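Visitor: Would you mind keeping the following structure in view while I ask a few things?
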There are 4 protein chains.
Amino acid sequence: MAHYGFIGSGLMGLPMATNLLKAGHQLTVWNRSKEKCAPLLEAGATFVDTPLEVVIAAEVTFSMLADPQAALAVCFSPSGVIQAVAPGKAYVEMSTIDPETSSKIGISIQARGALFLEAPVSGSVPQAEAGELVIMCAGDHELYVALEEALNILGKKHLYLGEVGAAASMKLGVNQLMGSMMASFCEVLTLLEEAGLDAQDFLDIIGAGALAAPMFTAKGKKILARDRTPQFPLKHQQKDLRLALQLGDVHRVPMPVAAAANELFKRAYQYGLEDDDVSALFVSLHPAGRKPIM
Amino acid sequence: MAHYGFIGSGLMGLPMATNLLKAGHQLTVWNRSKEKCAPLLEAGATFVDTPLEVVIAAEVTFSMLADPQAALAVCFSPSGVIQAVAPGKAYVEMSTIDPETSSKIGISIQARGALFLEAPVSGSVPQAEAGELVIMCAGDHELYVALEEALNILGKKHLYLGEVGAAASMKLGVNQLMGSMMASFCEVLTLLEEAGLDAQDFLDIIGAGALAAPMFTAKGKKILARDRTPQFPLKHQQKDLRLALQLGDVHRVPMPVAAAANELFKRAYQYGLEDDDVSALFVSLHPAGRKPIM
Amino acid sequence: MAHYGFIGSGLMGLPMATNLLKAGHQLTVWNRSKEKCAPLLEAGATFVDTPLEVVIAAEVTFSMLADPQAALAVCFSPSGVIQAVAPGKAYVEMSTIDPETSSKIGISIQARGALFLEAPVSGSVPQAEAGELVIMCAGDHELYVALEEALNILGKKHLYLGEVGAAASMKLGVNQLMGSMMASFCEVLTLLEEAGLDAQDFLDIIGAGALAAPMFTAKGKKILARDRTPQFPLKHQQKDLRLALQLGDVHRVPMPVAAAANELFKRAYQYGLEDDDVSALFVSLHPAGRKPIM
Amino acid sequence: MAHYGFIGSGLMGLPMATNLLKAGHQLTVWNRSKEKCAPLLEAGATFVDTPLEVVIAAEVTFSMLADPQAALAVCFSPSGVIQAVAPGKAYVEMSTIDPETSSKIGISIQARGALFLEAPVSGSVPQAEAGELVIMCAGDHELYVALEEALNILGKKHLYLGEVGAAASMKLGVNQLMGSMMASFCEVLTLLEEAGLDAQDFLDIIGAGALAAPMFTAKGKKILARDRTPQFPLKHQQKDLRLALQLGDVHRVPMPVAAAANELFKRAYQYGLEDDDVSALFVSLHPAGRKPIM
C-alpha cells in the first residue's frame, strides 16, 4: 500500500481522499480549515499543519483546490509544497486551473527533481463519491503509469494527453461546454415556464432524443425539486468559464456563446447564488415578481 | 388502412411519408418540386398537383415543411389546404414553426370544421428513417387519440401538450437548446484544436461524463470525417433560434446565450454553409489561413 | 396655409403636431385616447373620431405611432387610413417601423393613387419640441419636395434616401447604434460605481474626448439625478433593437453586440422599467442588495 | 526646465515625448527598438540602453507602453525602473493597464521611497500630437501637483481621481465604452451597406443628432477612405476590452455588451487586422465574397 498525501478537503477532495483511504492506502492530509478533514481523520488519515508536511510524509501528494489562487498559494507559500518536493517525491495537481498556472506549478516542481502530473477531473460530487470521475492527465508519463491503481480508484476513465498544460486546457474545454449548456438549459426552462409549458415534459422530450445528457436529467431534477445544495458550486463554473475565455484570448478564438454564458453566471452573484449549485443559475433568470419554482 | 396525405418531401418528409407507406397506408402526396417525390411514387404513392387536392383525397393530411413562410403558403395559397378542409377532414402540421403561425393555421382549419393537430418532431434524418422521432402534439385531442397508430409509425414517443401553440413553443425550446449546444460544441472544438489538443480525446472524455449526448457523438463524428452532408441543415437551425428568440421577445425572457448562438449561425451564411449540415458551423469558426479539418 | 392631419399624440406626436399648429397650419387630429389631444384642441386643432376622418379632412396626414402593430392598425383597420386615401391625398408615416411593415403600408397607399412618404425621425422629446429633429425620408419624391416647409417646421435636417424602406432601414440603423451605446454606457457606469469611482468624473472625461456625444451628457445627467421621466421610453428602444435584429436576419449580417444589448433591455422589463426613460436601463444593471443611485 | 525621462516611443509615446522636448525640457529616452527614437534623438533627446538608466538620469520618468506585460517588464526586469527608483525620483505610468498591474508597479515604486503617478490618457495619435489628451491621474497627489506644467503640455485636461488603481479603472471604463461603440458602429455600417444604403448619409444623420461623437466622424472617414493606418491599433482596443472584462469579473458586474464586442474584435485577428487601426474591425464584419469597401 502506498502513502499518499491529499491537500484540499472540499466538496470534491473529501470523497476522493476517502476513496483512497477505503482502498487501504495510508493518507496524510491538509486543509485550510481542519474541521472539514474530520471524516478523513476518523477514517484513519493523519492531519498535518502545512502542505509542506504533507509532501514530507507522503510519496505522492494529490491536491484538489478551488481555483488558481488557491493552487498557487498551496504550492508557493512559505510552508508550501515547493519547500519539500525533491527527487523521489511526486505531486498531482487535480484542481481545475488554467494551463499557465499549471505550468508555473509543474515547472517549479520538476525543477526540484520531483515528478509532476496535471490531472483535472470531469464529474462532480456523485462521481467523486462513486470513484467514477474521468481523469485528464498530462506531464510526467512515468508518474502517470505508476499511478495506474490510484487513478482507477478515483475514476472510471483516465487518459494521458501530453505535456503539462494539455490536461488543464482539455478540462477548461469540457467545463466551457458544460457552462454554456447549463446557461442555455436555464434560458430554455425559463422561456417554457413563461410560455405556460411543463418543465417535466421538456425533460422527458430531450431525454428521449439527441440532446439527452446525464447533466440535464440530474440538474433538471434538482431545479424542479428546488434543491440548491451544491454539487458543483456556481462560482466554480463561472471561474472555469472565465479561465476558458482567457485561454480563448491567448489563442485568439472568438467564443461569443461562452462569453454570453459567463456574463449570465456573473449576474447570479448579484442574487447571492455563488455558493449554491450551478443549477441555481435558473433562479437568477427567473423574472422578478413571479414566484420562482426553485 | 387509412388514406393519408403528405405535403412536403424534403429531408424529413420523405422518410416519414415512406414509413407511412411501408406500414400499408394509402398515400397521396404533393411537393413543390415533383422529382423529390419519386421514391414515394415508386413505392405506391399518388402525386397530385396542389395541396388542395391532397386534402380532398385523404382523410388526414400531414405536412412537413421548411419554415413558417412555406407552411403559410401551403395552407393559405389559392390552391392551398384551407380551400378543401371541411368537417371530416384533419390536418397535422409537423413543420417547426412559431406558435403564432401555427395558431393562424390551426384556427383557420378548425373554423372550417376540420380537426387540427400541431405536431413538430424532435430528431433529424436518421430518426425520421428509423421511425424514432419524438412527436410533440397540441390541438384537437380526439385527433391525437385517433392518430395513435400513425404517431407510433413515425416516432418512438409522442406527448399531448395542450392547446395549439404549446407544441410549437416546446419544439422551439428543444431546438434553442440544440442550437446553443452545437454553437458551444464548435467553439470548444476550435479552441482545443488551436491549443494543440486532439478532438477525439475530447469526444471520448465528454462521452464518458455528464455531458454525454448522442448529438455530440454523431456530430463530432461528422466534423472529424469532414462530412457536411445535411441531416439537419444549418439554415433550419438558425431559423429555429430566430423563432425561439422571437418567442423570448414575446415573453420578455432575456436569452443572451441563444442570441449569441444565433449571431454565430448567421455568420455561417457568409461562408455559404447554410445548406450544409448544422455541424458545418465549425468551418465558419475556424481561423482563416489555417487548413480547416472539415 | 395647409390643412394637415396628425395621427398619434404620444410623447413625440404631441410636440410635433403642436409645431405644425404654431406655424399657422390647420390641423385635424386623432389619437386612441382623446385626452392626450387636449393641448392640441386648446390650440385650435380639430379632433375626429377615426383615422379615416383625418384623411378625409386633410390634404396630407402625418402619423407618429408607437410600433409596427399600431401603424398597421391605424392604416388597415375598418375605420383606418386606407379607407380614405385617394388621388390628391398624401400620407406621411413617421413612426419607427421595420421596412417590411412600411412597404406594406406604402404600397397600399400608393395603390389607391395617393402619395406616400416614409419619414422616421432621429431625436426625442426635446428635439421634437424644438423642431430640431433629423428626418429621414423615402418614397414619393414629389411629396418630399412639396413638404419642404413642413419638414423644416418639424426638423432641423431632412434627407431623401430613395425608395420606401430605405428610411425605415436607416432609422433602425441609427437606433441600433443608440441602443448599443446606451447599453454599454450603463455597463460602464455600473462597473465604475462598483470600482468606487465617480460617475461625474467619467462624464467629464468622455465629454472632453472622442466619445463626446450629446446623448451621454443628457442621459448621464438623468441617471445622476435619478430622473426616469420618459423622453424615449425603454420599451421603444428595445423594440427598435428587435426590429434592427430582424433586418440583420434578413440580410444575414451577424450583429452580436446589438443582440447582447437587446437581451439586456429585455431584462429591464423584469424590473418594470419599460415605460421609463431608456436610461433607466441603468437600474436593472445595478447589483441587487445595493441602493441604486437612480 | 526639468529633466524628464520617457520610456516607450510607440504611436503615442513618440508625439508625447516630442511635445515635452518642444516645450524646452531635457529628455532621456529608452525604447525596445532604438530606431523608433530617431526623431527624438534628432530633436535633442538622449538615448540610454536601459529603463534603469532613464530613471538615473531623470527626475521624473514617464512611460507609455503597449500592455501590462510590457509595463511589468520595464519596471521589474533586471535593468528595469525598479532598480533605480529612490527618494527624489518619480515615475509616471501612462500605459493603459489594469488596476492590479498598476498597483503592483505603484506599490513597488513607493516602497523604495519614490513618488508614483498612474496617468493613463484618453485620446489617440492626433490628440497626442496636438497635446490635447485627457489625462486621468491617481496616486501621489504631491506629484500630480508638481507635474501641472508637464500635464498641460501633454493634454488639454487632467483630473486627479484618488488612489492608485482609480485612474487605471477609469481608463478601462472609457475604452470599454469606446470599443463597444466601435463594434456597434461597424455592425450598423455593415447592415446598412447590405440594405443598399449610403454610409455617408448615415454619418450625416448621426452627426446631426444625439449620437454625434468625434470618433464616428473620424473613424467613419477612415472607413470610407479605405484607410487602415493605425491611430489606435485594433489589438490595443481588444486588450483594453479584455482588461475591462477582467475588472468586471473582479467586481462581479455582468457586461454582456462588452463581452460580445470583445469576441468580435478577437475575430479580427483571424483576418490579420490586429496591427491596423481599430476601425478596420469593419473589414472583418464584411461578408466574405463581396468586395469590402475598405
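Derivation of every value follows stated rules applied to the coordinates shown; laboratory data play no part. Keep in mind the model is a prediction, meaning the values are calculated, not measured. Heads up, the Cβs are rebuilt from the backbone with ideal geometry, glycines too, and the neighbour counts pull from every protein chain shown.
Visitor: What share of Cα pairs, in percent, lie more than 23 angstrom apart in chain A?
Guide: Result for the distance tail: 56 percent.
Visitor: A further question on this structure: Which distance in nm do the two modelled labels at D:Glu129 and D:His141 give, with both placed 7 Å along the Cα-to-Cβ direction?
Guide: 3.8 nm
Visitor: Below 18 Å, Cα to Cα, which lysines can C:Lys222 reach? Residues fewer than 8 away in the same chain don't count.
Guide: Correct list for C:Lys222: C:Lys235, C:Lys291.
Visitor: Another one. How large is the charge dipole for chain B, taken about the Cα centre, if only the Cβ atoms of Lys, Arg (+1) and Asp, Glu (-1) carry charge, to the nearest 20 debye?
Guide: The dipole magnitude comes to about 360 debye.
Visitor: Looking at chain B only, what percent of DSSP beta bridges run antiparallel? Nearest 5 please.
Guide: Once the DSSP bridges in chain B are tallied, antiparallel ones form about 15 percent.
Visitor: For segment A:224-267 and segment C:210-259, compute the distance between their C-alpha centroids and round to whole Å.
Guide: Here the two parts' Cα centres lie 27 Å apart.
Visitor: Quickly work out the A:Lys156-to-A:Phe76 label distance, labels modelled 7 Å from Cα along the C-beta direction, and quote it in nm with one decimal.
Guide: The modelled label-to-label distance comes out at 3.8 nm.
Visitor: Report the Cα centroid-to-centroid distance between segment A:30-84 and segment D:157-209 in angstrom, as an integer.
Guide: 49 Å
Visitor: In vacuum, with every alpha carbon of segment B:119-219 counted as one equal point scatterer, what does the Debye formula give for log10 I(q)/I(0) at q = 0.15, 0.22 Å⁻¹? Two decimals, please.
Guide: Ignoring solvent entirely, the Cα scatterers give -0.72, -1.11.
Visitor: What are the extents of the Cα atoms of the protein assembly as shown along their three principal axes, listed from largest to smallest and rounded to whole Å?
Guide: In descending order, the Cα extents are 87, 77, 50 Å.
Visitor: Quick one: which residues, 5+ away or cross-chain, put their amide H under 5 Å from the amide H of D:Phe116? H built at 1.01 Å from N.
Guide: Amide H neighbours of D:Phe116, under 5 Å, 5+ apart: D:Tyr91, D:Asp140.
Visitor: Which percent of Cα-Cα pairs in segment A:3-164 sits in each 10 Å bin, short to long?
Guide: 12, 46, 38, 4
Visitor: Summarise the partner chain shielding of B:163-171 as one whole number: the mean count of Cβ atoms from other chains within 10 Å of each residue's Cβ.
Guide: Shielding by partners across B:163-171 averages 3.
Visitor: Using the per-residue mean of other Cβ atoms lying within 10 Å as a proxy for protection, in what order, highest first, do the peptides C:112-119, A:132-139, B:197-204, B:63-70 fall?
Guide: Per-residue Cβ counts within 10 Å, averaged per peptide and sorted highest first, yield A:132-139, C:112-119, B:63-70, B:197-204.
Visitor: Then there's this: Quick one: 3J(HN,Hα) in Hz for segment C:217-224, Karplus 6.51/-1.76/1.60 with θ = phi - 60°, rounded, Gly and Pro as x.
Guide: Values, residue by residue: 4, 5, 6, x, 4, 4, 5, 5 Hz.
Visitor: Which order results if D:Val81, A:Val164 are arranged by neighbouring Cβ count within 10 Å, fewest first?
Guide: In order of increasing Cβ crowding within 10 Å: A:Val164, D:Val81.
Visitor: Continuing with the same structure: In terms of modelled amide H atoms, which long-range or inter-chain residues lie less than 5 Å from the amide H of B:Val29?
Guide: B:Phe6, B:Thr46, B:Phe47, B:Val48
Visitor: Taking beta carbons within 10 Å but only from partner chains, what does the mean come to for residues A:237-245?
Guide: Partner-chain Cβ atoms within 10 Å, mean over residues of A:237-245: 2.
Visitor: What does the structure give for D:268-274 when I average, per residue, the other chain Cβ atoms found within 10 Å of the residue Cβ?
Guide: Taking all residues of D:268-274 together, the mean is 3.
Visitor: May I ask for the Kirkwood hydrodynamic radius of segment D:221-263, worked out over all distinct Cα pairs and given in angstroms to one decimal?
Guide: Hydrodynamic radius (Kirkwood, Cα only) of segment D:221-263 equals 11.8 Å.
Visitor: To continue, here is another question. Return one number: the angle in degrees, 0 to 90 and rounded to the nearest 10, between the long axis of the Cα atoms of helix C:13-22 and the longest principal axis of the Cα atoms of chain C.
Guide: Taking Cα atoms only, the helix is inclined about 50 degrees.
Visitor: Could I ask something else about it? Can you work out the Karplus-derived ³J(HN,Hα) for every residue in segment B:112-121? Use 6.51 cos²θ - 1.76 cosθ + 1.60 with θ = phi - 60°, whole Hz, and x for glycine or proline.
Guide: Using θ = phi - 60°, the values come out as 9, x, 8, 9, 9, 10, 8, 9, x, 10 Hz.
Visitor: A 22 angstrom limit on the alpha carbon distance is what I want to check against. Which of C:Lys22/C:Lys219; C:Lys221/D:Lys239; C:Lys104/C:Lys171; A:Lys266/B:Lys171; A:Lys266/C:Lys239; A:Lys219/A:Lys239 exceed it?
Guide: C:Lys22/C:Lys219; C:Lys221/D:Lys239; A:Lys266/B:Lys171; A:Lys266/C:Lys239
Visitor: Something else now. How many nm separate the modelled label positions at D:Ala23 and D:Lys36, each set 7 Å beyond the Cα in the direction of the Cβ?
Guide: The two pseudo-label positions are separated by 2.2 nm.
Visitor: Net charge within 10 Å of C:His251 by Cβ-Cβ distance, Lys/Arg positive one each and Asp/Glu negative one each, not counting C:His251 itself?
Guide: Residues close to C:His251 contribute a combined charge of -1.
Visitor: Relative to the Cα centre, what is the charge dipole magnitude of segment B:169-285, using +1 at the beta carbon of each Lys and Arg, -1 at the beta carbon of each Asp and Glu, and rounding to the nearest 20 debye?
Guide: 460 debye
Visitor: Step through the residues of segment D:175-185 one at a time and calculate ³J(HN,Hα) from phi using the Karplus curve (6.51 cos²θ - 1.76 cosθ + 1.60, θ = phi - 60°), rounding each to whole Hz and writing x for Gly and Pro.
Guide: 6, 5, 4, 4, x, 5, 5, 5, 5, 5, 3
Visitor: Would you please give the residues with an amide H less than 5 Å from that of B:Leu197, counting only those at least 5 places away or on a separate chain, with H modeled from the backbone geometry?
Guide: Excluding prolines and chain starts, which carry no amide H, there are no hits.
Visitor: Mind checking Rg over Rh on segment D:169-285, alpha carbons, Kirkwood formula for Rh?
Guide: Checking Rg against Rh, the ratio lands at 0.97.
Visitor: Are there trypsin sites (Lys or Arg not before Pro) in segment B:192-294 that DSSP marks as loop and that have at most 13 other Cβ atoms within 10 Å, and which are they?
Guide: Here the sparse-neighbourhood loop sites are B:Arg226, B:Arg290.
Visitor: Checking the cross-link filter: which aspartates and glutamates have an alpha carbon closer than 14 Å to that of D:Lys156, excluding same-chain neighbours under 8 positions apart?
Guide: Leaving aside aspartates and glutamates fewer than 8 places away in the same chain, those within reach of D:Lys156 are C:Asp204, D:Glu129, D:Glu132, D:Glu148.
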